[in-house]
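The values are calculated or read from the model by the stated rules, or taken from the named source; none is laboratory data. Quick caveat: nothing in here was measured; it's all calculated off a predicted structure. Glycine gets a Cβ as well: all are built from the backbone with ideal geometry, and neighbour counts include every protein chain shown.
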Amino acid sequence: MTDEGNFITNIDIPIGEWVSDAVDWIQSNFTGVLDGISEAIKFVVDNFEDGLLAIPPLVLALLIVALAAWRVSWKFGIFALVSMLLIFGMDIWQETISTLALVIGSSALALLIGIPIGIAMARSDIVEAVVRPVLDFMQTMPPFVYLIPAAIFFGLGKVPGAIATLVFAMPPAVRLTNLGIRQVSAEHVEAGLAFGCTRHQLLLKVQLPLALPSIMAGVNQTIMLALSMVVIASMIGAGGLGNTVLTGIQRLNVGLGFEGGLGVVLLAILLDRITQSFGRKRRTG
Amino acid sequence: MPVNGNGDGKDKLVVENLYKIFGPDPDEALRLLEQGLSKDEIFERTRTTVGVQNADFSIRDGEVFVVMGLSGSGKSTLVRLLNRLIEPTRGRVLLDGRDITAMGRKELIHMRREHMSMVFQSFALLPHKTVAENAAFGLDVAGVSRDEQRKRALKALETVGLGQYGDSYPDELSGGMKQRVGLARALATDASILLMDEAFSALDPLIRTEMQDELVRLQQREAHTVVFISHDLDEAIRIGDRIAIMDGGAIVQIGTPEEIVTNPANEYVRSFFYGVDVSKVFTAAEIAEQDVLMVFERPGTNVRAALAQLRDRKRNTAVVIDAAGQYRGMVSQHSLARALDSPGETRWDDAFLKGIEPAPEDMDLSDVLSLVAASEHPVPVLAKGGRYLGIVNKTILLQTLDKAG
């Protein structure tokens, strides 16, 4: 008995040490690569934010209202108008745009990486078997954990924020692209092949178009996850609305925290409904 | 029976000892098959499914070849082996003498684009493309120019009666119309072989019959070689020049619809006929018999002599034909006697029975039935051009129906 007890208490697998060793090793050996990634992401996110901020707020707000009215409904257009007024009224326009830029920038990168991985998964059972557990890992790991290596590799600010967001938000895009392609009916695939499609043509002309609603659902999910992560990423200085919330917490300022939170909610509803409208079948009856 | 044998009878597709085994151990399954084990026994032992075993037949140029069987009989697998949507385990498929099973990827893709097209049970149209774009799918894939694609797609749509619907979307069409688009897509590539996998099974019965007739008509106009998969014997008989019946992955009988109906190879084949409408199987020419006295219309045989002949043989009616074998009319003892009684020179024309409506040779039995029922005399059957082939009377009809039922 005592031996077994000793065994259990003596057993020591230093996973934590290994991970920090690995992180140190990457940091000291891949400085160039890390800097490259950092610069590229900084370029995308900064330009996006600068671009959005360069547009006069009123014009941009009206554009968003118009988009909401066109893609969703005039009722939703009114909702968008009220949201814009609230955001102006709470004086969080700058923060909202900063968050929006970070969400769109990191989502775009997540999709750019995630959709091709999803396609590869759909076409190969081996790739699927390898990628699936990685996705499970990425999705169940508490999102705060991503902040640590992101901060170590890329310092503080928007870039580590965007990278942590990218990692956290990518899985649904991968999963739903894979699922969408695999759900294309066998007869559609056979029809494609029977008329002489190459593998490439089959993908572009049959599988992707038929998987589009599912892929768009993945895009929507990725954007929503990115929004939630961007708020958390304010802890490593990503800025934006998350920063407002964080300041509210630090100062125990309920009002400020609520304003930041409300801004996130409004932005979430707008992004959700508008991106969903692109996944819906454009033609009815 | 449709008479669409408008090809020259040359072999178009030759299938030689074709096997498809699904599962982990095809070699072992083949070995057991050679030992004569059944499909079920092999599955029991090796967890391997025999899809198609030893298919060996040829399909002639321009014929409609129907492969029939219950679900699980391997007919859908067989048709997919022809264009290699499913890879054969063993055996060869020759198209115009070229071995499809030995083709490399590029050659195979070329063959599918140029020579074989396919129609699917569930239509398999692309919902995001217009009807014309769907019909042009095969051409698009083959890299044909946009203008040419549209031109040929619209022509194919015209052929199936959907010329007006080019810019509609599939979800605006009914099931029957969707399958016409499927057919147009297959026709647009000018492939010489059409593979049709239960193509009409998802349609309601009325539309299905309409599509079957349409296919036969189309087939008569421009001879395609059609391989048609079906589980419906009525359909097979309606459109097939020849029918292959499959059971457990093997082909149990191949023959014309008449051969199969009159001489089924085994109980399985026979079981298909319960409830089949035999009146669609036979045509007038096939049941016509020369069971009636023939009188030749020529100098020397006059009306009086004919009457004497009829009385002599104790027959009531006779068919009158000329020296070239052309049908002239029918006479009875009564009509001959009456013609002789009338004043003046007696001519054959006066002696012919009135109201006799001859049946054309390809008339369905069901239509012959109503002719015979309406007439008190036997009904003569004529070839195209008027040559006399034989007669059908009530006795012959009843015998035919009894035999087939």
Those residues of the stretch B:96-114 which are buried (at least 20 other Cβ atoms within 10 Å of the Cβ) and either touching a residue at least 40 places away in the same chain (Cβ under 8 Å) or more than 28 Å from B:VAL181 (Cα to Cα) (or both), in sequence order: B:ARG113
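One line per residue, one yes/no per condition, for (1) more than 11 Å from every other protein chain (Cβ to nearest Cβ); (2) surrounded by fewer than 19 Cβ atoms within 10 Å (Cβ to Cβ); (3) over 24 Å from B:ILE59 (Cα atoms):
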{"residue": "B:GLN164", "(1), (2), (3)": "yes, yes, yes"}
{"residue": "B:SER168", "(1), (2), (3)": "no, yes, yes"}
{"residue": "B:LEU173", "(1), (2), (3)": "yes, yes, yes"}
{"residue": "B:GLY182", "(1), (2), (3)": "no, no, no"}
{"residue": "B:ASP190", "(1), (2), (3)": "yes, yes, no"}
{"residue": "B:LEU195", "(1), (2), (3)": "no, no, no"}
Failed item in (1) crowded, with 20+ Cβ neighbours inside 10 Å; (2) of a type outside the set (Gly, Ala, Ser); (3) touching an Asp or Glu at 6+ places or on another chain (Cβ under 9 Å), with A:LEU109 passing the rest: (3)
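Determine, yes or no, whether B:THR46 is more than 23 Å from B:LEU108 (Cα to Cα) and in the same structural domain as B:GLU16 (by TED's automatic domain parsing).
On the way: more than 23 Å from B:LEU108 (Cα to Cα): yes; in the same structural domain as B:GLU16 (by TED's automatic domain parsing): yes.
Judged against the criteria, B:THR46 is a match.
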The stretch A:176-201 - residue that is surrounded by 24 or more Cβ atoms within 10 Å (Cβ to Cβ) and more than 7 Å from chain B (Cβ to nearest Cβ) and, of those, farthest from B:SER117 (Cα to Cα): A:LEU176
Any hit, the stretch B:328-338, residues being in contact with a Lys or Arg (Cβ under 9 Å, 6 or more places away or on another chain) and of a type in the set (D, E, K, R): no
One residue from A:PRO160, A:PRO142 being without any contact (Cβ under 8 Å) to a residue 40 or more places away in the chain and either away from chain B (no Cβ under 14 Å) or under 30 Å from B:GLY138 (Cβ atoms) (or both): A:PRO142
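Which ones in the stretch B:82-95 are within 30 Å of B:GLN212 (Cβ to Cβ) and in contact (Cβ under 8 Å) with a residue 60 or more places away in the chain?
So the first thing to find is which residues in the stretch B:82-95 are within 30 Å of B:GLN212 (Cβ to Cβ), and the list is B:82-86, B:88, B:93-95.
Selection gives B:LEU82, B:ASN83, B:ILE86, B:PRO88, B:VAL93, B:LEU94, B:LEU95.
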Some residue of the stretch A:205-217 being part of a helix (DSSP H, G or I), more than 14 Å from every other protein chain (Cβ to nearest Cβ), of a type outside the set (S, T, N, Q) and closer than 30 Å to A:GLY263 by Cβ: yes
Enumerated helices (runs of 4 or more DSSP H) restricted to the stretch B:246-306, each holding at least 2 residues that are modelled with pLDDT under 80 and not hydrophobic (A, V, I, L, M, F, W, C): B:267-271
Residue within the stretch A:243-264 that is away from every other protein chain (no Cβ under 13 Å), crowded, with 24+ Cβ neighbours inside 10 Å and not small (Gly, Ala, Ser) present: yes
Residue in the stretch B:62-78 that is of a type in the set (A, V, I, L, M), in contact with a His (Cβ under 7 Å, 6 or more places away or on another chain) and farther than 24 Å from B:VAL216 by Cβ present: yes
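For the stretch A:179-199, check the following and say yes or no: at least one residue is within 20 Å of the chain's Cα centre (by Cα) and of a type outside the set (Gly, Ala, Ser). Can you show your working first?
If we filter the stretch A:179-199 for residues that are within 20 Å of the chain's Cα centre (by Cα), which is where we start, we get A:179-180.
Within this subset, residues satisfying the condition of being of a type outside the set (Gly, Ala, Ser) are A:179.
Yes: one or more hits.
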From B:VAL67, B:VAL79, residue being in contact (Cβ under 8 Å) with a residue 24 or more places away in the chain, crowded, with 16+ Cβ neighbours inside 10 Å and in a strand (DSSP E or B): B:VAL67
